[in-house]
Amino acid sequence: MAGTQRIKILYFGAYSRGEEYARNLALIGGLQKVGAEIEECHTELWPGFQDKMGAAKRGLLANLIALVRAYLRLLNLYRKAGDFDFMFVGYIGQFDVFLARFLKVFHRKPVIFDAFYSLYDTMIKDRGLYPERSLMAKMLRFLDRWSVKCSDLALLDTHEHIKYFSAEFGLEPERFLSVPLGVDQANFFPRPEPKEDEVFEVVNYSSYIPLHGLEVILQAADLLRHEPGIHFTLIGKGQLYPEMRARAERLSLPNISFIEWMPHKELVEKAAAADVLLGIFGKTEKASRVIPYKAYEALALARPLITGDSPAARELLVDGKHCLLSPMGDAKELAGKIQMLKNDPALGKSIARQGRELFAQRCAWESIGAAILEKLNEKFIGN
């Protein structure tokens, strides 16, 4: 490989496709925008199941059979693939990277793995789906550590995540590269300013997991119940949804609506018409290490964003310039930030504009692709 040669990438695995899985769209699209040639070597591992995290709840035998069938298909596709310079293992690929490592015996090319997040941290520490000393917890720790060790370079979304992987799993920071999540740019782009009316619409969409801090949003809605014109719309359903609905009913909130599901394009239009979009406010450890999709999507849409103040958020966002940062878990502060934007439309417009400029500079596909390509040149090609 030479520095001026067009890089060829085999994007490999049973990764998730489609507009709801913006990470793979961003990596593939970004690399293509900076001149890389992409060949996809892809199959579905669990056709018909969108949430691969749910695989852990299915029977072991069913998962093993699905895995073997998928990997036989992948091996057949790999056999037909052309020559390449790098093998990229797409999200979610904690199993796929083991097969990629095995195939390196034959192709001898660097394996780049989009680790994206820790399965152990997500399922055990953050969501609390299994006890910390359970067999499942041990398996997930093994997967997190050794999936990274199978790769020559692993991608994560923030420097805080790199610190976590290095400390928790005994991995060298040099193994990682931090690149923003990216968004589905075909749908998330600025629209004309929403028409002014008497309703100040606050929108949050989520899968109701602990790090999102839905209880904080409900408490803020309660504090603002007598504020004229402010209305909250919460879109989505997930782990904590029944609990949050029950809490909202106990509070008898007059200023909040729940929508359990909305088609992707309608969700985007709803977000684009919001007066403010909310990020995450949970007090879990993981919440301090991530910048959620919805924050990037707010920037891409050029809508005012309020999200939790965290070390990860401050890697990218400047409070009062690109968004308003609110202390994690603090409903009173969140209510105050919402009221601030309602009372100061000029501030909202300024934040929306500068947030969009930041997105274009650092989070768009081309910026993501350029950051990865620079690292590949530095680590592999330039040597």
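If we scan segment 284-301, do we find a residue that is part of a loop (DSSP other than H, G, I, E, B), assigned by TED's automatic domain parsing to the domain that holds G236, at pLDDT 95 or above and surrounded by fewer than 16 Cβ atoms within 10 Å (Cβ to Cβ)? Within segment 284-301 (the criterion being part of a loop (DSSP other than H, G, I, E, B), assigned by TED's automatic domain parsing to the domain that holds G236, at pLDDT 95 or above and surrounded by fewer than 16 Cβ atoms within 10 Å (Cβ to Cβ)), the answer is no, since none of the residues qualifies. L324 meets all of the listed conditions (1) in contact (Cβ under 8 Å) with a residue 60 or more places away in the chain; (2) within 19 Å of L214 (Cα to Cα) but one, namely (1). Taking the criterion of being part of a loop (DSSP other than H, G, I, E, B), farther than 30 Å from L214 by Cα and outside the structural domain of E297 (by TED's automatic domain parsing), would at least one residue in segment 110-131 satisfy it? Yes: one or more hits.
The residue that is surrounded by the most Cβ atoms within 10 Å (Cβ to Cβ), counting only those in segment 241-262 that are in a loop (DSSP other than H, G, I, E, B) and not hydrophobic (A, V, I, L, M, F, W, C), is N255. The residues on offer are L177, L171, L181, and the sole one that is part of a loop (DSSP other than H, G, I, E, B) and either more than 23 Å from W261 (Cβ to Cβ) or among the β-branched types (V, I, T) (or both) is L171.
Evaluation of A137 against the conditions (1) of a type in the set (A, V, I, L, M); (2) more than 22 Å from S288 (Cβ to Cβ); (3) buried (at least 17 other Cβ atoms within 10 Å of the Cβ) shows that the sole unmet condition is (2). If you go through segment 191-228 and keep only what is surrounded by fewer than 16 Cβ atoms within 10 Å (Cβ to Cβ) and in contact with a Leu (Cβ under 8 Å, 6 or more places away or on another chain), you end up with R191, R225. Listed by first and then second residue, the pairs linking a residue in segment 210-231 that is within 17 Å of V276 (Cα to Cα) to a residue that is crowded, with 24+ Cβ neighbours inside 10 Å and hydroxyl-bearing (S, T, Y), with Cβ atoms under 8 Å apart and 6 or more places separating them unless they lie on different chains, are H212/S206; L214/S206. When you look at R303, is it under 28 Å from E285 (Cα atoms) and out of contact with any helix residue (DSSP H, G or I) (no Cβ under 9 Å at 6 or more places or on another chain), yes or no? For R303, the condition - under 28 Å from E285 (Cα atoms) and out of contact with any helix residue (DSSP H, G or I) (no Cβ under 9 Å at 6 or more places or on another chain) - is not met.
Does E198 count as at pLDDT 95 or above and either part of a loop (DSSP other than H, G, I, E, B) or of a type in the set (D, E, K, R) (or both)? No. What are the residues in segment 334-344 that are over 25 Å from the mean Cα position of the chain (by Cα) and without any contact (Cβ under 8 Å) to a residue 60 or more places away in the chain, if any? Within segment 334-344, G336, M340, N343, D344 meet the criteria. Here A346 fulfils each of the conditions (1) surrounded by fewer than 16 Cβ atoms within 10 Å (Cβ to Cβ); (2) in contact with a strand residue (DSSP E or B) (Cβ under 7 Å, 6 or more places away or on another chain); (3) of a type in the set (A, V, I, L, M, F, W, C) apart from (2).
Conditions tested, residue by residue: (1) closer than 30 Å to H226 by Cα; (2) in a loop (DSSP other than H, G, I, E, B); (3) modelled with pLDDT of 95 or more.
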residue	(1), (2), (3)
E269	yes, no, yes
I280	yes, yes, yes
R314	no, no, yes
L334	yes, no, yes
I338	yes, no, yes
K342	yes, no, yes
A360	no, no, yes
A371	no, no, yes
K375	no, no, yes
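Could you list, in sequence order, the residues of segment 210-225 that are assigned to a loop (DSSP other than H, G, I, E, B) and modelled with pLDDT under 95? Within segment 210-225, none qualify. Residues that are touching a residue at least 12 places away in the same chain (Cβ under 8 Å), polar (S, T, N, Q) and closer than 26 Å to A273 by Cα within segment 351-383 comprise just one, Q354. Put simply, of K270, K265 the only residue that is of a type outside the set (S, T, N, Q) and surrounded by 15 or more Cβ atoms within 10 Å (Cβ to Cβ) is K270.
The values are calculated or read from the model by the stated rules, or taken from the named source; none is laboratory data. Being a predicted model, the structure only gives us computed values, none of them experimental. Every residue, glycine as well, gets a Cβ built from its backbone with ideal geometry; the counts of neighbours run over all protein chains shown.
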